[in-house]
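K.L.:
Got a structure for you, written out below as structure tokens; questions coming shortly.
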Amino acid sequence: MTSLSARDITWTAGRAPILDGVDLDARPGEVLGLLGPNGAGKTSLLRILAGLRRPGRGRVLLDGTPIGQLRRREVARRLAIVEQSPEAHTDVSVHDVVSLGRTPHRGTFSALGAEDQAAVTDALAATGLTGWEDRLWSTLSGGEQQRAQLARALAQQPEVIVLDEPTNHLDVRYQLELLALLRGSGLTVVTALHDLNLAARFCDQLVVLQQGRVAAAGSPADVVTDALVRQVYAVEAVVDLSPHTGSPAVTFLGPAHRP
Amino acid sequence: MRTGRQRRRVRHGSTALLVPLFAAVLCASVVGATFIGTAAIGPLDVLGVVLRRLGAGSLAPVPPAPPLIEALVWESRLPRVLLAAVVGLGLSVSGAVLQSVTRNPLAEPYLLGVSSGASAGAVGVMVLGLGAGAVTLSTGAFVGALVAFGLVLALIGGGKVSNPARVVLTGVLVSQFFSAITSLVLMLDGDADATRAFTYWLLGSLGGARWEPLAVAAALIVLGAACCLLFAPALDAFTFGWDTAASLGIDVTRARVVLMALAALMTAAAVAASGAIGFIGLLVPHVVRLLAGGSHRSLLPLCGLGGAIFLVWVDAFARSAFAPHEVPVGVITALLGAPAFAVVLRKAARR
């Protein structure tokens, strides 16, 4: 079981500070939800967590080891990222896409082995894409592309998975299925989410970013409050425990007057 | 949709067989194209000459050919056909690599200013006498191609810019600039004969093929293509951009720099040996992708072999179809390539 932590992450794009002293701890096997309004720095933080950007200050620890000290290929075997709607420049089949997940496990010239093929098949099944292997990327809808990307990340057989708003293009059913899948996977998950209700229900922990800083962190019940929603999103809301799920449920009333 | 699925499933199974098939077709094409031409030479004569030259004369199927025929086959036809194969291989692999490295379906050495750079380099040697006679036309073209190519790649941020329109416009810009230099030099300094010889060279021709330059081009191109193959996983991983590739364990910066350098080298070697032959790098990879899918482990070898076969036959056509006139091979590839380019452009614009 693997943990993923960030310590005092600071990141600047040009002169604009994007992240400022962010701490975060994704515990082994738990789902950590990353919330925050547009432009709060969620995507930047996820890229830094995945080792794709080097932070200006601070460090990322994969199971206690600074991610910068690990070999790229080793990181790729242990950590996968699903970005927000990546575009393909050439038309590839769903099978090609999911097979990409085997890249860090394969030699340069070795064909897909039995183990690779099994990982691909499992990933396709988990995302409901069995039988779609030969569909071309350009013919998929946004939600289907997102599921194919998730399948690719699962085929990587990582210990930690980082996702940037994976429920974005999905219909309600697939949103629920995806989050249940992540919860049941046993993987350590860090995922940016927009939907507070889904986040409160499926995440073990929440971290709320506001203008590059952590505005709140902790269990959904501690984090998702009407005060926080007003402070971070400038929206009046009522939060109560859902009698059906037992999780905090947010009812949005309307935009609050900005202070 | 169902038929589409079934069609692709067949493809998956047969990709592994396509490489040996393409290799066999290439061998047959080399022999076949060597006996096509004005003098009547049969395929067995060609085989006989080759075997005798390789010191295996006892295996030759026919008695020795007359010395004139033997010289024609060995000194003129065969180097020409082999050069066509090598140049076709280099330009196709280069195109496939560039399309992945710039993440742009329109990337192609010819469109990226290589030919105009080569012509500026060649005219510098031919007319201005740069290098004081120590440098050949080919070397001038080689250097010019590398300079123009490097300039285009630098202007598109080493491939960071993947917007098709901007990449193509950058190629046009650099091409126009080097063409202007070439024209200026020719206007100020060249005589009518030099201009005409130069124009012919510019259109791309394999007519001047000899063993020695062929060996140099073949060494550079085959070695370059083999090195590209080492980066096949990276070329695949680039499909969804640099971040996804890096998250799959690819050293993106290193792979891109090495691959662009290899593409530039192969292209420059091809252009120096044969002049500027356009559109192969666009045409062949797109056709091969339709046949064999997207994985570069099989795509690169198939592009190389397919490009070789394609140019061997286009050249055979160019030198025999309008006999006694010989049409520069670049004219034929452009006649085929320009419409193909229009199709790809439409597809790219839709994405």
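The values are calculated or read from the model by the stated rules, or taken from the named source; none is laboratory data. Fair warning: this is a prediction, and the values are worked out from it, not measured in the lab. Because the Cβ atoms are built from the backbone with ideal geometry, glycine has one as well, and the counts that use them run over all protein chains shown. Note: areas computed on protein heavy atoms with side chains; ligands, DNA, RNA excluded. Shrake-Rupley method; radii C 1.70, N 1.55, O 1.52, S 1.80 Å.
K.L.:
If a residue counts only when it is within 14 Å of another protein chain (Cβ to nearest Cβ) and in contact with a helix residue (DSSP H, G or I) (Cβ under 8 Å, 6 or more places away or on another chain), which helices (runs of 4 or more DSSP H) contained entirely in segment B:172-256 have at least 2 such residues?
P.N.:
Numbers: elements: B:192-202, B:211-230, B:232-237, B:242-247.
Where helices (runs of 4 or more DSSP H) fall fully within segment B:172-256 and carry at least 2 residues being within 14 Å of another protein chain (Cβ to nearest Cβ) and in contact with a helix residue (DSSP H, G or I) (Cβ under 8 Å, 6 or more places away or on another chain), they are B:211-230, B:232-237, B:242-247.
K.L.:
Another one. Can you pull out the residues in segment A:86-137 that are more than 10 Å from every other protein chain (Cβ to nearest Cβ), of a type in the set (Asp, Glu) and touching a Ser or Thr at 6+ places or on another chain (Cβ under 9 Å)?
P.N.:
Within segment A:86-137, A:ASP116 is the sole residue that qualifies.
K.L.:
Can you tell me which of (1) at positive phi; (2) away from chain B (no Cβ under 14 Å); (3) not acidic (Asp, Glu) is the one A:GLY51 doesn't meet?
P.N.:
So the condition that A:GLY51 fails would be (2).
K.L.:
Just to be sure before I move on: is B:LEU186 at pLDDT below 85 and open to solvent by 40 Å² or more (accessible area, probe 1.4 Å) in the structure I sent?
P.N.:
It is false that B:LEU186 is at pLDDT below 85 and open to solvent by 40 Å² or more (accessible area, probe 1.4 Å).
K.L.:
Just the residues that are surrounded by fewer than 24 Cβ atoms within 10 Å (Cβ to Cβ) and either touching a strand residue (DSSP E or B) at 6+ places or on another chain (Cβ under 7 Å) or within 30 Å of A:LEU112 (Cβ to Cβ) (or both), please, taken from segment B:211-223.
P.N.:
Listed by number, the residues that qualify are B:VAL222, B:LEU223.
K.L.:
Within segment A:105-130, how many residues are more than 12 Å from A:LEU150 (Cα to Cα) and buried (at least 24 other Cβ atoms within 10 Å of the Cβ)?
P.N.:
Residues meeting the conditions: 0.
K.L.:
State whether the residues of segment A:70-85 include one that is surrounded by fewer than 18 Cβ atoms within 10 Å (Cβ to Cβ), more than 14 Å from chain B (Cβ to nearest Cβ) and not aromatic (Phe, Trp, Tyr). So that I can check it myself, show each step before the final result.
P.N.:
Going residue by residue through segment A:70-85, those that are surrounded by fewer than 18 Cβ atoms within 10 Å (Cβ to Cβ) are A:70-74, A:84-85.
Okay, now just the ones that are also more than 14 Å from chain B (Cβ to nearest Cβ), so none.
No, because not a single residue in segment A:70-85 is surrounded by fewer than 18 Cβ atoms within 10 Å (Cβ to Cβ), more than 14 Å from chain B (Cβ to nearest Cβ) and not aromatic (Phe, Trp, Tyr).
K.L.:
Quick one: in segment A:153-178, of everything that is touching a residue at least 60 places away in the same chain (Cβ under 8 Å) and in a helix (DSSP H, G or I), which residue is least open to solvent (accessible area, probe 1.4 Å)?
P.N.:
This residue is A:ALA153.
K.L.:
Does segment A:186-194 contain any residue that is modelled with pLDDT under 95, open to solvent by 10 Å² or more (accessible area, probe 1.4 Å) and farther than 30 Å from A:ALA118 by Cβ?
P.N.:
yes
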